[in-house]
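Asker: Below you will find the structure I want to go over with you.
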Amino acid sequence: MVTALVLALALADVTPPPPTREPPRARSLLVPAIEAVLIDFGLASFNNLVSREPFAQISLESIRVNLPLSAWSFDADYFLTNQFGHPYQGAWSFTAARSSGLGFWLSTIYPFVTSLLWELVLEVDQPSINDHITTTLGGVFLGEVLFRVSMLVTNSTLPQWLKGLFVFLLAPPVSLNRFLFEGQLAAVDVYEQPFFRGWLGGGVFLQSGAPRMGAFITTRLTHGAANEDPTSPFSHFDLSADLSIDRVQVTGDFMVRGLLWGGHFKLGVLDGIGGLFGSYEYVAPQIFRASSVNVGAGTLLHFSLTPTTAIELTAIASGIPFGAGGTVLPTEQADGRDYHVGPGVHVVGEVSLASEQLGFMSVGLRRWNFFGGLYTQPTGHDAVTYVHANVHFRIRSALAGVELVRALRDSNFGGVEVQQALTQIRFTVSWLLVGVTGLAPERR
């Protein structure tokens, strides 16, 4: 996943410069509308004229057939296309709006409308309900994180040419609007010097279950402190991205999760944020995978042991309007898919320790439960569970760590029961990413 590599490189030096006073900024509703439509028409034209894809050979008749509500269905495209390609496409129109000075909620209109345009007009296939969900919600969540990371890069101490390159690779519409309007159009709800912490690096892994070994690069980032009041949607978010390479294949994991609505609270010695979280996740190990957009309630609790050391607990339970999971065996396959789809639930739980002197340590769990039969046949369930533990010791401005991941799948569709498991051990060397305050911000 190229995005994981770009994030890892772009975050190498995001230490913000001293604050500066900026003039008031303008915004535009028209600029992102034009850009979003041009993006869709550009992709459709390439598919129609260059690659000559059958789905792109549109006509007035194909548009007429797609307009009725009865034409909507659930498609069976490739897992990567549906679960990563569509959210990334939605992120382009969303970042076009954000970099034109629009706020978070107003910007959500753009991926929603352009996704409708694509489904109804720019392909001959029946309009896809799952594509519309993942393009819109996945595009919003992924787009907001890419936009905010591009702002971290813009306000960093990197050389100007390198800033421009990384912003272009992360979010091309942001780069375009900065070039065209010289910073006059910019979102005013993004704090230019936020608290952030994390790491980027790489290493080697060993895996059982589907035996293999290889190399990987990895990025982790927490944006916004748990003891600060969130100022806007996704002013607090978590990001993780991995790209693994071995002799057989390239696989990637990508997760973004942010606070959509909520606030800061205090319970005795505990600080925390709580409310409604939005998440987009794409995980794809060798033998099974899971991806979803989900929204749910949760909290992050922060307890300062010392001014430089803190314990944090995360707990979130979410509903999944549409999710995809598993690697379907030939005996399971239905409707041409090699994965199952359906609504479901998603839970996250994690306990972590952050110390400026020692480093990081965490134990956590992520679980997806998908329920088949509502959208497509056959009926059944697919449960994918990830349990992880990691220790990263600080050595000056670097981290040396060991990570353990245990992944489990329990599936039963149409009377076909499948149980799979894998264990992965990863040895990492990473560079610290720290902004504004230390790894464990002092409780305020």
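Asker: Taking the Cα centre of the range 200-247 as origin, work out the dipole magnitude from +1 charges on Lys and Arg Cβ and -1 charges on Asp and Glu Cβ, in debye rounded to 20.
Answerer: 360
Asker: Using just the helices of the chain, give the 222 nm mean residue ellipticity in deg cm²/dmol: DSSP H runs with n ≥ 4 each add -39,500 (n - 2.57), and the total is spread over all residues, rounded to 500.
Answerer: It comes out at -7000 deg cm²/dmol, rounded to the nearest 500.
Asker: Where the eigenvalues come from the Cα gyration tensor of the range 32-144, what are the semi-axes √(5λ) of the equivalent ellipsoid, largest first, in whole Å?
Answerer: 23, 15, 13
Asker: Taking every pair of alpha-carbon atoms in the range 113-256, give the share separated by more than 27 Å as a whole percent.
Answerer: 40
Asker: Under the √(5λ) rule applied to the eigenvalues of the Cα gyration tensor, what semi-axes describe the equivalent ellipsoid of the range 203-278? Give them in Å, descending.
Answerer: Semi-axes (√(5λ), whole Å): 36, 13, 10.
Asker: So, one more: Could you work out the mean projected area of the convex hull around the alpha carbons of the chain, in square nanometres to one decimal?
Answerer: 21.4
Asker: Sticking with this structure for a sec: Between residue 261 and residue 393, what is the label-point separation in nm under the 7 Å Cα-to-beta-carbon projection?
Answerer: 4.7
Asker: A follow-up question, please. Once you order the gyration tensor axes a ≥ b ≥ c over the Cα atoms, which shape class does the range 193-435 get: rounded for a/c under 1.5, otherwise prolate or oblate by comparing a/b with b/c?
Answerer: oblate
Asker: So, one more: Summing Lys, Arg as +1 and Asp, Glu as -1, what charge do residues with Cβ under 13 Å from the Cβ of residue 96 carry, residue 96 excluded?
Answerer: Its environment carries a net charge of 0.
Asker: Give the residue from 89, 199, 100 lying farthest towards the positive end of the charge dipole for the range 77-212; charges sit on Cβ (+1 for Lys and Arg, -1 for Asp and Glu) and the dipole is referred to the Cα centre.
Answerer: 199
Asker: In whole Hz and in residue order, list the ³J(HN,Hα) couplings for the range 134-145 that follow from phi through the Karplus curve 6.51 cos²θ - 1.76 cosθ + 1.60, θ = phi - 60°; x for Gly and Pro.
Answerer: Result, rounded to whole Hz: 6, 5, 6, 5, x, x, 5, 5, 5, x, 5, 5.
Asker: For a quick check: with amide H placed at 1.01 Å from N, whose amide H comes under 5 Å from residue 212's, ignoring anything fewer than 5 positions away on the same chain?
Answerer: The list, which skips near neighbours in sequence, is 207.
Asker: Taking +1 at the Cβ of each Lys and Arg and -1 at the Cβ of each Asp and Glu, which of 387, 416, 346 sits farthest along the dipole of the range 193-435 towards its positive end, judged by Cα position relative to the Cα centre?
Answerer: Going by the charge dipole, the pick is 387.
Asker: What size of dipole, in debye to the nearest 20, comes out for the chain about its Cα centre when the only charges are +1 on Lys and Arg C-beta atoms and -1 on Asp and Glu C-beta atoms?
Answerer: Its charge dipole is roughly 1020 debye.
Asker: Give the peptides 263-272, 93-102, 230-239 in descending order of average Cβ contacts within 10 Å, highest first.
Answerer: Top of the packing list down: 93-102, 230-239, 263-272.
Asker: So which trypsin sites (Lys or Arg not before Pro) in the range 23-75 end up in coil per DSSP with only 10 or fewer other C-beta atoms within 10 Å?
Answerer: Within the range 23-75, the qualifying trypsin sites (Lys or Arg not before Pro) (loop, at most 10 other Cβ atoms within 10 Å) are 52.
Asker: Now for a separate question. Mind listing which GluC sites (Glu not before Pro) in the range 114-187 are in a DSSP loop and have 11 or fewer other Cβ atoms within 10 Å?
Answerer: 182
Asker: Given 183, 132, 172, which one lies farthest toward the positive end of the charge dipole of the chain, if we put +1 on the Cβ of every Lys and Arg and -1 on the Cβ of every Asp and Glu?
Answerer: Farthest towards the positive end: 183.
Rule-based calculations on the coordinates, nothing more; no lab input. These numbers come from a predicted model, not from an experiment. Virtual Cβ from ideal backbone geometry, glycine too; neighbours counted across all protein chains shown.
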